[in-house]
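Notes for the one structure printed next.
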Amino acid sequence: MWFDDAVLYQIYPLGLCGAPLQNDGTDQTGQHRILRVLDWVEHLQKLGATCVLFNPLFDSDAHGYDTRDYNRVDPRLGTNEDFRQVCRALHEAGIRVMLDGVFNHVGRGFWAFRDVQQKRRDSPYKDWFHLSFDGNDAYDDGFWYEGWEGCYDLVKLNLQNPAVRDCLFDAVRGWVRDYEIDGLRLDVAYCLDPGFLSDLRGLANEIKPDFVLMGETLHGDYNRWMNDRACHSVTNYECYKGLYSSFNSGNMHEIAYSLNRQFGSEPWCLYPGRHLLNFLDNHDVSRIASILTQPETIYPAYGLLFGMPGTPAVYYGSDWGIQGDKKNGDPSLRPAIEAPEENALTRWIARLAAARSASEALRHGSYRNVMVQPKQLIFERKCEGERVLVAINADAAPCHAHFNAECGTAVDLITGKPHDYGGGSELPPFSCAFWKMER
């Protein structure tokens, strides 16, 4: 499946394009803000991104996860035709498109919920939601309804209602028809009704070859949501913490343990052969440049992201190191950016993406820890015909690593330089290497 080989680039369009934080109902389609993404296509190609994951961009009350209309691009961004133009440009550049499927809940401005507000018991849509006319809510609607995790701006849908499923599935069919999308990120997939998720997988199998469902999950056994009757992949939040705290605490044992637990060869390992979505940051968490206590560790951190099993994702702006702290609110994580930048970090990520793209072992190989020390980690990625050692040094000092390479010479897939294991291996400060074994 194409997703297993992909490098995702995540864009939060309402933020990147500078849309107002609230949708006041005025027609702003003439602003054509979504067309700003066209200025990013060349940057995405240089970076090595092969898929853009767009967070919500359909008509919503505020932040996109409070949908009003699944079939209309948010007027703060522009028109449906504007977004068609963006998708055409991305596809012509060889870049696939995934959309954020927000199916667990809608906004209070959703057309069917507004009908219930107006007609109450007489609304044909009252069974689209989990509500009761024997209570009331904080908005004094005269009825109670279930919100997502107690947030009543997000009205939970009744996904067991066939009419609700038809509405959502028709929207997905329309997105494929109009924008030729290649997959969906499923918001709060861990909340979705299992029967709904199974039916959605059936729809994905029907509407387009290799149509991908990637679910947002946090904790627990990901196999619950990642199987032949659910998602193809899920977000790897288990490794997310280890990807930064291993560097901050000088404890590479943390991420090494998680990676081996997930992808090792032991019978008890959880996801061997699976491709989870790996990330250093996204629209919901602080930027990696704001989390790392030593700025230089951002280079080996991205090296680890691209060397570990799974599919790497890069969040817009983080590829050149912008900062954003969650404690300052979500808008600080989702800023408006006029045009992409290029610096040493973007060039480093581009080399990592090229190395991963050229290596079957890095994309599909097994995982085995070779050397684990507090500030160094070396692990093996291996498939038939290719063996690569990923070497990380999270220390400000160089490290002379002694380990059994089972090989004499190699080439670094990142730099193209030869490497000789005779007497050990020198790891420069804050470095990463992808050593492909030659003999």
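The values are calculated or read from the model by the stated rules, or taken from the named source; none is laboratory data. Everything numeric in this text was worked out from a predicted model, so none of it was measured. Cβ placement follows ideal geometry from the backbone for every residue including glycine, while neighbour counts extend to all protein chains displayed.
Output yes when any residue across the range 250-257 is out of contact with any Gly (no Cβ under 7 Å at 6 or more places or on another chain), of a type in the set (Gly, Ala, Ser), surrounded by fewer than 24 Cβ atoms within 10 Å (Cβ to Cβ) and over 29 Å from residue 1 (Cα atoms), and no when none is. Yes, the conditions are met somewhere in the range 250-257.
Listed by first and then second residue, the pairs with beta-carbon distance under 8 Å, at least 6 apart or on different chains, first residue in the range 258-276 and more than 20 Å from residue 215 (Cα to Cα), second part of a loop (DSSP other than H, G, I, E, B), are 260/266; 260/269; 261/269; 261/270; 264/272; 265/272. Only residues that are assigned to a strand (DSSP E or B) and not aliphatic (A, V, I, L, M) were counted across the range 163-221, and they come to 3. So, residue 27, is that one over 20 Å from the mean Cα position of the chain (by Cα) and either among the charged types (D, E, K, R) or buried (at least 22 other Cβ atoms within 10 Å of the Cβ) (or both) or not? Taking the combined requirement at face value, the residue satisfies it. Every condition in (1) at pLDDT 95 or above; (2) crowded, with 17+ Cβ neighbours inside 10 Å is met by residue 427 except one, and the failing one is (1).
Scanning the range 357-414 for residues being touching a residue at least 40 places away in the same chain (Cβ under 8 Å) and in a strand (DSSP E or B) gives a total of 18. With respect to the conditions (1) farther than 18 Å from residue 292 by Cβ; (2) not in a loop (DSSP other than H, G, I, E, B), residue 336 falls short on a single one, namely (2). Against the condition small (Gly, Ala, Ser), modelled with pLDDT under 90 and surrounded by 12 or more Cβ atoms within 10 Å (Cβ to Cβ), how does residue 433 come out, does it pass? The answer is no for residue 433.
On the given criteria, is residue 391 at pLDDT 95 or above and either touching a Ser or Thr at 6+ places or on another chain (Cβ under 9 Å) or among the hydrophobic types (A, V, I, L, M, F, W, C) (or both)? Judged against the criteria, residue 391 is a match. Residues in the range 286-319 that are over 15 Å from residue 361 (Cα atoms) and either polar (S, T, N, Q) or touching a Lys or Arg at 6+ places or on another chain (Cβ under 6 Å) (or both): 6 in all. In the range 94-115, what count of residues is obtained for those that are in contact with an Asp or Glu (Cβ under 8 Å, 6 or more places away or on another chain) and either closer than 15 Å to residue 42 by Cα or of a type in the set (A, V, I, L, M, F, W, C) (or both)? Going through the range 94-115 one residue at a time, the tally reaches 8.
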